[in-house]
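Have a look at the structure below, then the notes.
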Amino acid sequence: MSHAKQTIYSLFAIPFMVSGLFFCAAAQSDELSTQKITPSQYDFGGVGLIQMPTGRMAAEGEFSVNATFNEDYYHGALSLQLFPWLETTIRYTQVPDVLYSNDPNFSGDTYYTDKGIDVKLRLLEESYWIPETSIGVRDIGGTGLFDSEYIAMTKGFGPFDATVGVGWGYIGNRGNLTDTNKSSSVDCNRNTGFKGKGGNVDFERWFKGCSAIFAGVEYQTPWDPLRIKVEYDGNDYKSDFAALQTGNPLNQSSPINYGLLYRVSNWGDFKLSYERGNTWTLGFSLATNFNSLKSNWRDTPKQAIEDKPDMADRKVDLPELNKQLAFDAGYKGAKIYIKNDQVTIVATQTKYRDRKNAHDQVGRILANQFPDAKTFNIIESTGHLPTTETQIDAKQFKDAVQHNYINANIENSTKVVEPTLPTETPDWETPDQWNYGFAPKLVQSFGGSENFYLFNFGINGSASRWITDNIEVSSSMYINILDNYDQFKYLTPPDGTDLKRVRTLIRQYVSDNPVRVDNLQFTWLDKLSENIYAQAYVGYLEMMFAGVGTEVLYRPMNSEWAFGIDANYVKQRDPDNIFGLFENEINFDPDLGISYRAQTGTFTGHASVYYQPSWFDDVLLRVSYGQYLAEDRGVTVDLSKQFDSGVIVGAFASKTNLSADQFGEGSFTKGFYISIPFDAILPTPVTNRGNLAWQPLTRDGGQKLGRKFELYSGTDARAPWLNKPSTK
């Protein structure tokens, strides 16, 4: 039988082969306990048994940190259930007996480190007769150490979860469906190479090579914390990377793997397994759920609306009112306008992501201070840019707060419109003053050649002041406390690429400068028309670049779409001179004894489209086209998903006109990030966020300029994304 026919046979034979098993399972399920097993993680990260995946999906928003260790591999993985039907996993694997490279001057004694990305897509949900069925790809876009494809079906009956599937590649290397003797090759002639410099999706080899059936059962014991796992392994380990590199085969004494899982609580598991009949593996998983993540706030008590006699002649204490607006309602930097029966507040919201809470607080404050007013206008601004105006009908608001009608809701008294700034002089204006702050800063990277973990930790101090309504001066200084970036030697990589070192000069900026000025700039911001915003800036724009630039954004109110363009001319900063710039393109590094190219001046900028589809809620798509810092041109695609708690998880990729050889290892720039709202983990409400970013490699292609202020984020209130109300 031909390989193609065998593959087709494998795809269609499995459902029939296991239908009897699932029929029996369904028939017996009524006789067993209805207790359902919640999904658990397997060695590679993601829902599975021990070495084999299952058809199960975790709950949407489930985020797991996983680690497993044995004498052959160290696995560390992050797994996220992005949607109910899509599981994603990022994994690092170290091979203890294999060095990163044969050049000790480049990577020393660092273990070989592989990076991988896995995805699993659910095809069928479980029903009485139908197993939960998923299709998955392991090590997508990697270098092929563990690359596999599989279809897995899982059916629960009582305390048992039974899985049967078919795998190709690493998972299917036993070859019991294609070539049991594997006479042609240990991997059944599957192409195990990779395109370019790695990092591409090698879909040409999907569902090819060896294929094998795998199966297993997970059993929930009567003791709730303990589970037992048993599986039939679809891999025979004859073509394993560790075996091929060291010449020491990974012997398999048995195809049956056994495992114990101890669940500490809903936040963690400890795992012990006996694999291949001769290898012990230890592991653990830590978990949380981004949908249900929530903190119990200790918020400022809401003012009760007091029924007072006519107070038209009473003079309001405006400084005290300003304090209440800032600390109770979160409206800081306020300008207060009092005209006839209207009170207008122009301020920045810094406390509540859900503006309903802010409107409730500010409405109560103003109702007590101005009992005869008919309308309260709240104009929200960011960076002195007016973004929205909320008009509150004072009488309707009081009726809602005092529950004067059935199903009272303060939203019935509010209307959001296009902002119109008052032209008269404000009755109160918060004095302009310096804003400053200090915060710890940690920059880290994983999986490098010199050291698996590189970091620098220090204190970042920032200061800013508005010198006019439209112009701000700002600066930030970083004091380095501890780092190991002195080990970073990635100047001229061994793959021979010769791009200008717009990002890979990181060692000189971080390790060689204990004190540095990251930012010192003037910024002008303005709203040019109803839907158009603009900014211009000049100075030391980021740690590595100085220059001048501008940005224009078209963003209608409550629109799914926004369009922007930014244009900049920048030069690379000299890391050996706090305010200096590179004057020569060719430079010499005395520590490494090599020459490199720096960026002595270039135009960079992008045209961008932003889209929040109403048909795919909680998703933001950004697409940019333009020129990058290394003078390459191309497209960046950024897709992010927001969970009920407000946590945002996103991925981006930049593909430019650089070939894989010109770009170097990784082939193109890609990365992931998590944005966590502080009010989901702190006991008080606040609009600030913490951001964690991860890139498999730092390279010079596809690199954008870091800008202090982006108009899309600054105008978020017009169609909330960062400050989208939490549904939890």
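The values are calculated or read from the model by the stated rules, or taken from the named source; none is laboratory data. Values in this document were obtained by computation on a predicted structure and should not be read as measured data. Note that each Cβ is placed from the backbone with ideal geometry, even for glycine, and that neighbours are counted across all protein chains shown.
Figures for the structure shown
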read-out: Thr414 vs. criteria free of Cβ contacts under 8 Å to residues at least 60 places away in the same chain, within 30 Å of Ala534 (Cα to Cα), surrounded by 14 or more Cβ atoms within 10 Å (Cβ to Cβ) and assigned by TED's automatic domain parsing to the domain that holds Lys339; value: yes
read-out: Some residue of region 400-410 being surrounded by 14 or more Cβ atoms within 10 Å (Cβ to Cβ), without any contact (Cβ under 8 Å) to a residue 12 or more places away in the chain and farther than 30 Å from Ala693 by Cβ; value: yes
read-out: Whichever residue in region 593-634 is among the hydrophobic types (A, V, I, L, M, F, W, C) and closer than 20 Å to Leu711 by Cβ and, among such residues, is farthest from the chain's Cα centre (by Cα); value: Phe603
read-out: Ala562 within 28 Å of Asp617 (Cα to Cα), surrounded by 16 or more Cβ atoms within 10 Å (Cβ to Cβ) and small (Gly, Ala, Ser); value: yes
read-out: Which listed residue is under 24 Å from Gln245 (Cβ atoms) and either touching a helix residue (DSSP H, G or I) at 6+ places or on another chain (Cβ under 9 Å) or modelled with pLDDT under 90 (or both), from Gly165, Gly144; value: Gly144
read-out: Whichever residue in region 670-726 is charged (D, E, K, R) and touching a Lys or Arg at 6+ places or on another chain (Cβ under 6 Å) and, among such residues, is surrounded by the fewest Cβ atoms within 10 Å (Cβ to Cβ); value: Arg718
read-out: Residue within region 295-308 that is in contact with an Asp or Glu (Cβ under 7 Å, 6 or more places away or on another chain), over 27 Å from Thr350 (Cα atoms) and not hydroxyl-bearing (Ser, Thr, Tyr) present; value: no
read-out: Residue match in region 484-492 (condition: at pLDDT below 95, more than 26 Å from the chain's Cα centre (by Cα), under 30 Å from Ala334 (Cβ atoms) and among the hydroxyl-bearing types (Ser, Thr, Tyr)); value: no
read-out: Test: Leu620 is in contact (Cβ under 8 Å) with a residue 24 or more places away in the chain, assigned by TED's automatic domain parsing to the domain that holds Arg689 and closer than 15 Å to His606 by Cβ; value: no
read-out: In region 532-590, the residues that are of a type in the set (Asp, Glu), out of contact with any Ser or Thr (no Cβ under 6 Å at 6 or more places or on another chain) and over 23 Å from Tyr712 (Cα atoms); value: Asp574, Asp576, Glu583, Asp589
read-out: Test: residue in region 665-674 that is over 18 Å from the mean Cα position of the chain (by Cα), more than 27 Å from Val502 (Cα to Cα) and touching a residue at least 40 places away in the same chain (Cβ under 8 Å); value: no
read-out: Matching residues, region 242-275, being within 20 Å of Asn66 (Cβ to Cβ) and modelled with pLDDT under 90; value: Ala242, Ser265, Asn266
read-out: Asn377 more than 32 Å from the chain's Cα centre (by Cα) and on the phi > 0 side of the Ramachandran plot; value: no
read-out: Per-region count, region 79-129, residues over 20 Å from Tyr485 (Cα atoms) and either part of a loop (DSSP other than H, G, I, E, B) or not assigned by TED's automatic domain parsing to the domain that holds Ser285 (or both); value: 8
read-out: Of all residues making up region 588-614, the number that are part of a loop (DSSP other than H, G, I, E, B) and closer than 22 Å to Tyr554 by Cβ; value: 3
read-out: Matching residues in region 680-699 - criterion: being farther than 20 Å from Ser474 by Cβ and touching a strand residue (DSSP E or B) at 6+ places or on another chain (Cβ under 9 Å); value: Ile681, Val686, Gly690, Leu692, Ala693, Trp694, Gln695, Pro696, Leu697, Thr698, Arg699
